[in-house]
Amino acid sequence: MPAHYDALETRSPAEREAAQFAALPKLIAHACAHSTAWRERLAGIDPAQITTRAALARLPVLRKHELMERQQAARQEGGDPFGGLATIGWNGLLRARGVRRVFQSPGPIYEPEGHASDYWRSARALVAAGFEPGDLIHNAFSYHLTPGAWIMEAGAQALGCPVVPGGVGNTEQQLAAIFDLQPVAYCGTPSFLRILAEKAEAVGRTLPIRKALVSGEAFPPSLRDWLAERGVVAYQAYATADVGLIAYETAAREGLVVDEGVIVEIVRPGTDEPVPDGEVGEVVVTALNLDYPLIRFGTGDLSAVLPGPCPTGRTNTRIRGWLGRADQTTKVKGMFVHPAQVAEVVRRHPEVRRARLVVSGRMADDHMRLLAETDQPSPALEQALHATLREVTKLRGTVELVASGSLPNDGKVIEDARTYD
């Protein structure tokens, strides 16, 4: 079994950073030249100047709801179903060629697939999960409209692994194929793998599967251990339909290693601003993909950077894995309150390091309390925050000044602590 997929995984961090930020200006220039949406979003930006993380952080974050809204608006006008964000297409679009497949994800959001080998870059995660060339893989991700199955299949083909296209559902039929063909590997959700194992046990059989790469839902240690007791060693892949592989688990079981084809930032929810390493925030990804150049794409997922390199020798940044959702928008007294509004309150008061808005009480009888971290507490600051909170949210709330570092490091900007019974 290869220790790593390629030499990119073990290059020095400085070498990786130099290579990625040499490629980034070319990606941005290409996006602006061939995409109406990127030309509009990045108007006035000189691509040649975006050569550092600090420069990248000055570009706006494209969040998922904005991508969906842009696509919907373009379709309503009879235009590009990708909202002008892709640089490839087919006859009848602005770009006449380049798309191999078009996927539809919930929303709906449409994603293009180009012709590059291992377009979604999943082979790297397969190798980290112990897959070897020639392994027969049972792929239980959906082949219907969404890209999940194709993400894994492209990596399997690049690695030289044959695939059983199991898809979702038809559990008995899939189990029969597994018993007949004896695949040693599995790709799919961890919950469906558990269903297959339980149904096999019910008929006195054992799955031949010994290795698995799972994704699409949470993979708690309890389920990982349950599978291991049955001889299945499973690892996680963090991927999205928009950018493909973002990060993957290794044999070290210490967080997820960031993929070589993306630049990952962690930003404060509701803002475009990166947080210090170790602090929980929203995962923002720049995909170095000329076909679909998503630049500072906000996934809506929460995570945090882990210190140090992976013990397996991989030198890229590690993240803690999925820690929840960044979009904590909630409704208070009939009005929406957004994380960006909490961030705006903090921005107006430099004495405040960070804040959390706690909504408590019962529905129809709820109230807001702003917890604000500061090293400079004073009645004047409390009063000023109170006024700003009302101005920004159009709602009344109380303010409590707390010591710096006292708020939990969990990425929450808005906490809904109401009771609903």
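Between residues in the range 96-118 that are farther than 21 Å from residue 35 by Cα and residues that are open to solvent by 60 Å² or more (accessible area, probe 1.4 Å) and modelled with pLDDT of 95 or more, which pairs lie under 9 Å by C-beta distance while being six or more apart or on different chains?
Pairs that qualify, where the first residue is farther than 21 Å from residue 35 by Cα and the partner is open to solvent by 60 Å² or more (accessible area, probe 1.4 Å) and modelled with pLDDT of 95 or more, are 117/157; 118/157.
Going by the conditions given, is residue 313 in a loop (DSSP other than H, G, I, E, B), out of contact with any strand residue (DSSP E or B) (no Cβ under 6 Å at 6 or more places or on another chain), more than 27 Å from residue 372 (Cα to Cα) and free of Cβ contacts under 8 Å to residues at least 40 places away in the same chain? It would help to see each step written out before you state the result.
Working: in a loop (DSSP other than H, G, I, E, B): yes; out of contact with any strand residue (DSSP E or B) (no Cβ under 6 Å at 6 or more places or on another chain): yes; more than 27 Å from residue 372 (Cα to Cα): yes; free of Cβ contacts under 8 Å to residues at least 40 places away in the same chain: no.
No: the conditions fail for residue 313.
Considering only the range 62-171, give the strands (runs of 3 or more DSSP E) lying wholly within it that have at least 3 residues that are open to solvent by 20 Å² or more (accessible area, probe 1.4 Å) and out of contact with any His (no Cβ under 7 Å at 6 or more places or on another chain).
Counting at least 3 such residues, we get 101-105.
State whether the residues of the range 7-27 include one that is within 30 Å of residue 130 (Cα to Cα) and outside any helix (DSSP H, G or I).
Yes, that holds for at least one residue.
Out of all the residues in the range 406-421, which are assigned to a strand (DSSP E or B) and under 28 Å from the mean Cα position of the chain (by Cα)?
Those that are assigned to a strand (DSSP E or B) and under 28 Å from the mean Cα position of the chain (by Cα): 414, 415, 416.
The rows are residues; the columns are (1) more than 17 Å from the chain's Cα centre (by Cα); (2) at positive phi.
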site	(1), (2)
266	no, no
288	no, no
296	no, yes
301	no, no
312	yes, no
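Listed here are the residues, each with its yes/no results for (1) at pLDDT 95 or above; (2) among the acidic types (Asp, Glu); (3) open to solvent by 50 Å² or more (accessible area, probe 1.4 Å); (4) part of a loop (DSSP other than H, G, I, E, B).
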| site | (1), (2), (3), (4) |
| --- | --- |
| 343 | no, no, no, no |
| 353 | no, no, yes, no |
| 384 | yes, no, no, no |
| 390 | no, no, yes, no |
| 395 | no, no, no, yes |
| 401 | yes, no, no, no |
| 404 | no, no, no, yes |
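Being open to solvent by less than 20 Å² (accessible area, probe 1.4 Å) and modelled with pLDDT of 95 or more is the filter here, so list the residues in the range 265-274 that pass it.
Those that are open to solvent by less than 20 Å² (accessible area, probe 1.4 Å) and modelled with pLDDT of 95 or more: 265, 266, 267.
Working carefully through the options 308, 300, 278, find the one that is touching a strand residue (DSSP E or B) at 6+ places or on another chain (Cβ under 8 Å) and part of a strand (DSSP E or B).
Answer to the selection: 300.
Here is a yes/no grid of residues against (1) in contact with a Cys (Cβ under 7 Å, 6 or more places away or on another chain); (2) part of a strand (DSSP E or B); (3) in contact (Cβ under 8 Å) with a residue 60 or more places away in the chain; (4) of a type outside the set (A, V, I, L, M):
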site	(1), (2), (3), (4)
200	no, no, no, no
207	no, no, no, no
228	no, no, no, no
252	yes, no, yes, no
257	yes, yes, yes, no
264	no, yes, no, no
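In the range 289-312, which residues are surrounded by fewer than 20 Cβ atoms within 10 Å (Cβ to Cβ) and under 21 Å from residue 87 (Cβ atoms)?
290
Table: residues versus (1) buried (at least 17 other Cβ atoms within 10 Å of the Cβ); (2) among the small types (Gly, Ala, Ser); (3) not in a strand (DSSP E or B).
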residue: 373; (1), (2), (3): yes, no, no
residue: 377; (1), (2), (3): no, no, yes
residue: 381; (1), (2), (3): yes, no, yes
residue: 387; (1), (2), (3): no, yes, yes
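If I ask for residues that are under 22 Å from the mean Cα position of the chain (by Cα) and under 24 Å from residue 115 (Cβ atoms), which ones from the range 63-80 would you list? It would help to see each step written out before you state the result.
The initial filter retains those residues of the range 63-80 that are under 22 Å from the mean Cα position of the chain (by Cα), namely 63-72.
Residues satisfying the conditions are 67, 71.
Tell me whether the range 176-189 contains one or more residues that are open to solvent by less than 40 Å² (accessible area, probe 1.4 Å), part of a loop (DSSP other than H, G, I, E, B), over 20 Å from residue 227 (Cα atoms) and modelled with pLDDT under 95.
Within the range 176-189 (the criterion being open to solvent by less than 40 Å² (accessible area, probe 1.4 Å), part of a loop (DSSP other than H, G, I, E, B), over 20 Å from residue 227 (Cα atoms) and modelled with pLDDT under 95), the answer is no, since none of the residues qualifies.
So which residues in the range 1-48 are of a type in the set (Asp, Glu) and surrounded by 13 or more Cβ atoms within 10 Å (Cβ to Cβ), if there are any at all?
Passing the criteria: 9, 17.
Do you know which residues across the range 318-337 are touching a strand residue (DSSP E or B) at 6+ places or on another chain (Cβ under 8 Å), open to solvent by 10 Å² or more (accessible area, probe 1.4 Å), farther than 30 Å from residue 221 by Cβ and not hydroxyl-bearing (Ser, Thr, Tyr)?
Residues satisfying the conditions are 331, 333, 336.
Hey, can you tell me all the residues within the range 45-61 that are more than 22 Å from the chain's Cα centre (by Cα) and outside any helix (DSSP H, G or I)?
Just the residues of the range 45-61 that are more than 22 Å from the chain's Cα centre (by Cα), to begin with: 45-51.
Result: 45, 46, 50, 51.
Are any residues in the range 84-94 closer than 12 Å to residue 112 by Cα and out of contact with any Asp or Glu (no Cβ under 8 Å at 6 or more places or on another chain), and if so, which ones?
Across the range 84-94, the qualifying residues are 85, 90.
The values are calculated or read from the model by the stated rules, or taken from the named source; none is laboratory data. Nothing here was measured: the structure is a model prediction, and the numbers come from that model. Note that we place each Cβ from the backbone using ideal geometry, even for glycine, and neighbour counts take in every protein chain shown. Remember, those area values only see protein heavy atoms, side chains included, never the ligands or the DNA or RNA. Shrake-Rupley method; radii C 1.70, N 1.55, O 1.52, S 1.80 Å.
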